[in-house]
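J.: The structure's right below; bear with me while I get my questions together.
The values are calculated or read from the model by the stated rules, or taken from the named source; none is laboratory data. The model shown is predicted, which means the values in this text are computed figures rather than measured ones. Here Cβ is always computed from backbone atoms with ideal geometry, including for glycine, and neighbour counts include all displayed protein chains.
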Amino acid sequence: MDQERCRTSFRAEHVVSRRFTSPDCLRYMHDYGGPAGFRLAVRHPTRVRGLVIQNAVANAAGRNLDVSRELTPFWQRRDAETEGAARQPLYRATTRGQYTQGSTRLHRLSRDAWPHDQASLDRPGNGAIQLALLHDYSDNLAQYSAWKEYLLRHRPKALIAWDRGDPYFSAQAVGFYRAVPPDAELHLYGGGHFALATQIEEIPKATLSFLGAIEERG
């Protein structure tokens, strides 16, 4: 039951936290990893040494409003009709767009990047898991105030690596992170949703520098 819950729900931090008990860790959070990381951080704030947030939101305004409007009926009432829009992320065109839309450095994109992702999405039974996760995602919106409180109260060291061309998350997420958490280090890039696919040199370099600064400060 615990294993199935971890596969289909964001509300399984009590299960995950039993397995990841390091008292001193850095969390790299992207997309779905944002809610997962914030939930664990709220549950065990003293275990967090720092956060690297790469296109993951913690405020409602940071989400693309058009995308949210498309998913709202599915979040409110899940049935065969509302699942139609929710299945869009499973299609090849959507997967490709997650890598290409908004990116200014497509020459860096591996030709295997999105086809490899699509092959994973097409695995038998995976569509049902993805729909369950997407439906459960609505619960994360209700956690935004708790995540903001965590950031303000515990003031974790944070690096924000953000791609301006992300079709899912808006520039208002950047505005949020400029103020919360205090003193966050912000880097803006010209990529799409999957930043590392085209910013493979820049983001790791910034991350290593961030880690070095944490080590120096102790």
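J.: Which of the residues that make up the stretch 139-187 are among the aliphatic types (A, V, I, L, M) and either over 14 Å from residue 63 (Cβ atoms) or at pLDDT below 90 (or both)?
T.: Result: 146, 151, 152, 158, 159, 160, 161, 171, 179, 180, 184, 186.
J.: Could you please find all residues in the stretch 29-67 being part of a strand (DSSP E or B) and not aliphatic (A, V, I, L, M)?
T.: 49, 50, 54, 63
J.: Residue pairs, Cβ under 7 Å, 6 or more apart or interchain, first in the stretch 100-122 and within 12 Å of residue 190 (Cβ to Cβ), second assigned to a helix (DSSP H, G or I). List them.
T.: Close Cβ pairs (under 7 Å, with a partner that is assigned to a helix (DSSP H, G or I)) amount to 106/100.
J.: Pick out the one residue from 158, 173, 132 that is under 22 Å from residue 10 (Cβ atoms), in contact (Cβ under 8 Å) with a residue 40 or more places away in the chain and in contact with a Ser or Thr (Cβ under 9 Å, 6 or more places away or on another chain).
T.: Step by step, each of 158, 173, 132 is checked, and only 132 is under 22 Å from residue 10 (Cβ atoms), in contact (Cβ under 8 Å) with a residue 40 or more places away in the chain and in contact with a Ser or Thr (Cβ under 9 Å, 6 or more places away or on another chain).
J.: Another question, then. Of the residues that sit in the stretch 157-216 and are of a type in the set (D, E, K, R) and either touching a Pro at 6+ places or on another chain (Cβ under 6 Å) or assigned to a helix (DSSP H, G or I) (or both), which one is farthest from residue 30 (Cα to Cα)?
T.: Here the residue is 216.
J.: Kindly provide the set of residues from the stretch 176-190 that are touching a residue at least 60 places away in the same chain (Cβ under 8 Å) and surrounded by fewer than 16 Cβ atoms within 10 Å (Cβ to Cβ), ordered by number.
T.: Selection gives 190 alone.
J.: Yes or no: residue 102 modelled with pLDDT under 95, assigned to a helix (DSSP H, G or I) and surrounded by 15 or more Cβ atoms within 10 Å (Cβ to Cβ)?
T.: Spelling it out, it is not the case that residue 102 is modelled with pLDDT under 95, assigned to a helix (DSSP H, G or I) and surrounded by 15 or more Cβ atoms within 10 Å (Cβ to Cβ).
Every residue, every condition in (1) at pLDDT below 95; (2) crowded, with 17+ Cβ neighbours inside 10 Å; (3) within 19 Å of residue 163 (Cβ to Cβ); (4) of a type in the set (Asp, Glu), yes or no:
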| site | (1), (2), (3), (4) |
| --- | --- |
| 32 | yes, no, yes, no |
| 37 | yes, yes, yes, no |
| 42 | yes, yes, no, no |
| 47 | yes, no, no, no |
| 53 | no, yes, yes, no |
| 57 | no, yes, yes, no |
| 69 | yes, no, no, no |
| 84 | yes, no, no, no |
| 88 | yes, no, no, no |
